[in-house]
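**Student:** Please see the structure below; I have some questions.
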Amino acid sequence: MVGRVIWSRLLVLSTLVLAVLSLPTPSESETKKTGNDDFNPETDDFVPPDRYLTHEEMITWLRSVARRHPKIAKDFSIGKSEQGRELLVLELSHSVERGERDLLMPMVKLVGNIHGNEVVGRQLLLRTISHLIQKNNVDSKITRLLNTTDIFFLPSMNPDGFVKAREGDCWSGGPEGGRLNANNIDLNRDFPDQFKTEDKLLRSQSEFQQGRASETQAVIKWILDNPFVLSASLHGGAVVASYPYDGSGTGQHQGFYSAAPDDKVFRKLSQDYADRHPLMKKADTCGVGFKDGITNGAYWYDLKGGMQDFNYVHSNAFEVTLELSCCKYAPATELPAEWQYNRRPLLNYIASTHRGVRGLVVDKDTKRPIRNAYVHVFGIDKNITTTERGEYWRLLTPGRYTIQSYAEGFNPSSSRNIEITDIYTEQLNFELEPKVRQTTITRLICD
């Protein structure tokens, strides 16, 4: 397998090369149909720029997109809400036609509407899907993005809450406002948490899922079953990019900076988004701006049970929380402007999965892939594990690093030095030598 891999540096979608996706303004086909009555979710690739889709319209539209574009789109359900609504995901990638994700193609997911009344992000994900579908084979950068990236959209994680929410309601936080699920559970407080005593001993997927909301269980399984590299959770009620950790274990409600081992990467991802958003860095945005438009989650306010921290602690996925609108369920008249604010940042974020280093870990003797091997970066207390195909992806900021791989039953690799830039995604493969098995020889002594 290794012999089939291009060993040279791969000039793929780094944020610098894409710049990222400094694309032209939306085409006429994306904007010409603005009347509510013009939209047909069964036949249209566009979504209305100036109104929200109902849950039923969204499900119909996602499925129809997959039906019309089977070469690049695939829909599937990861489960159902407490009231039985589908948690429908749309996958976009040229690998869909090929029937299998290409070797070393990274996976990125975007999740909206974990709080049912925070709806702008939900609609932005639908607009992003529409944009990618319409620009495929039209814009070379979009085509390249879809040819090198496996992108997954879950526009609504909390459809039961969404159906209760009301357009124009900016602040409702209780059951009546739609923030919570049908059983009045805040889904972004429902994940296993490293700082909760009762969660520290949980190990298996079934233990992680036990006793949690249907929506949380479905997303936990989705996260743990797939080698996502990058993730974003879209929220509303502020305009800021917030990164791990959300919790600290200190008991301090605000003001404690709870840094993850990959704090530099998270700050870079967040700052890239804020720098491309025209409002996020402004000091007076929403009346309470954030320095540089980013914040450590716990420094803003400490929370337990968040999805963001669960991704990082229990999987390979690096997740950032994107708070994108001052009003949680902004009037639909504001949606065209929100799309303009977030189009470039969102596309850049997706492309950011192509930063750092990636490669294969294989058995030196058989050249077969090694599953669940560890890839360790010296100085960073967070290991990445390989897929069943021996793949790994390691997000890193520019700099010089020392990397090593090891796995059960194998001798650790030698330490390898690598220079990471913002221009190339580096490839570094490891061949691990099996440990010599000790055999016991018994001598038969005859008198």
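The values are calculated or read from the model by the stated rules, or taken from the named source; none is laboratory data. Not measured: the values here are computed from a predicted model. Backbone-built Cβ (ideal geometry, glycine too); neighbour counts: all protein chains shown.
**Student:** Return the residue satisfying two criteria in turn: it lies in the range 176-191 and is outside any loop (DSSP other than H, G, I, E, B) and not small (G, A, S), and of such residues it is surrounded by the most Cβ atoms within 10 Å (Cβ to Cβ).
**Tutor:** Narrowing the range 176-191 to residues outside any loop (DSSP other than H, G, I, E, B): 176-177, 187-189.
Those left that are additionally not small (G, A, S): 176, 187-189.
Details: E176: 14, L187: 26, N188: 22, R189: 15.
Across the range 176-191, the extreme among qualifying residues is L187.
**Student:** Would you be able to say whether some residue in the range 305-313 is over 15 Å from the mean Cα position of the chain (by Cα) and either over 21 Å from V265 (Cα atoms) or not assigned by TED's automatic domain parsing to the domain that holds R344 (or both)?
**Tutor:** Here is the first cut: in the range 305-313, the ones over 15 Å from the mean Cα position of the chain (by Cα) are 305.
Checking the rest, the ones that are also either over 21 Å from V265 (Cα atoms) or not assigned by TED's automatic domain parsing to the domain that holds R344 (or both) come to 305.
The answer is yes, given that some residue of the range 305-313 is over 15 Å from the mean Cα position of the chain (by Cα) and either over 21 Å from V265 (Cα atoms) or not assigned by TED's automatic domain parsing to the domain that holds R344 (or both).
**Student:** Any residue that is in contact with a strand residue (DSSP E or B) (Cβ under 6 Å, 6 or more places away or on another chain), within 30 Å of Q210 (Cβ to Cβ) and modelled with pLDDT of 95 or more - is there at least one of those in the range 184-193? Full working, then the answer.
**Tutor:** Let us first name the residues in the range 184-193 that are in contact with a strand residue (DSSP E or B) (Cβ under 6 Å, 6 or more places away or on another chain), namely none.
Within the range 184-193, not a single residue is in contact with a strand residue (DSSP E or B) (Cβ under 6 Å, 6 or more places away or on another chain), within 30 Å of Q210 (Cβ to Cβ) and modelled with pLDDT of 95 or more.
**Student:** Can you tell me which residue among D365, D381 is modelled with pLDDT of 95 or more, within 16 Å of P261 (Cα to Cα), part of a loop (DSSP other than H, G, I, E, B) and among the acidic types (D, E)?
**Tutor:** Just a single option satisfies the conditions, and that option is D381.
**Student:** A further question follows. Name the residue that is farthest from L125 (Cα to Cα), counting only residues in the range 358-405 that are surrounded by fewer than 17 Cβ atoms within 10 Å (Cβ to Cβ) and among the small types (G, A, S).
**Tutor:** By that ranking, first place goes to G379.
**Student:** With respect to G173, determine if the residue is in a loop (DSSP other than H, G, I, E, B), in the same structural domain as T60 (by TED's automatic domain parsing), within 30 Å of P261 (Cβ to Cβ) and among the small types (G, A, S).
**Tutor:** Values: in a loop (DSSP other than H, G, I, E, B): yes; in the same structural domain as T60 (by TED's automatic domain parsing): yes; within 30 Å of P261 (Cβ to Cβ): no; among the small types (G, A, S): yes.
The answer is no for G173.
**Student:** Identify, by number, the condition in (1) modelled with pLDDT of 95 or more; (2) in a loop (DSSP other than H, G, I, E, B); (3) farther than 19 Å from C170 by Cβ that M280 doesn't meet.
**Tutor:** (3)
**Student:** Would you be able to say whether some residue in the range 289-301 is charged (D, E, K, R), over 16 Å from the mean Cα position of the chain (by Cα), outside the structural domain of E391 (by TED's automatic domain parsing) and farther than 30 Å from R212 by Cα? Break it down into steps so the answer makes sense when it comes.
**Tutor:** If we filter the range 289-301 for residues that are charged (D, E, K, R), which is where we start, we get 291-292.
Still in the running and over 16 Å from the mean Cα position of the chain (by Cα): 291-292.
Restricting the remaining residues to those that are outside the structural domain of E391 (by TED's automatic domain parsing) gives 291-292.
Next, from what is left, pick out any that are farther than 30 Å from R212 by Cα: 291-292.
There is at least one residue in the range 289-301 that is charged (D, E, K, R), over 16 Å from the mean Cα position of the chain (by Cα), outside the structural domain of E391 (by TED's automatic domain parsing) and farther than 30 Å from R212 by Cα.
**Student:** Determine, yes or no, whether R355 is crowded, with 17+ Cβ neighbours inside 10 Å, touching a helix residue (DSSP H, G or I) at 6+ places or on another chain (Cβ under 8 Å) and charged (D, E, K, R).
**Tutor:** Details: crowded, with 17+ Cβ neighbours inside 10 Å: yes; touching a helix residue (DSSP H, G or I) at 6+ places or on another chain (Cβ under 8 Å): yes; charged (D, E, K, R): yes.
Yes; evaluated as a whole, the condition is true for this residue.
**Student:** Here's a follow-up. Quick one: T333 ticks every box in (1) over 24 Å from A241 (Cβ atoms); (2) among the hydroxyl-bearing types (S, T, Y); (3) buried (at least 24 other Cβ atoms within 10 Å of the Cβ) bar one, so which box is it?
**Tutor:** Looking at each condition in turn, T333 falls short on (3).
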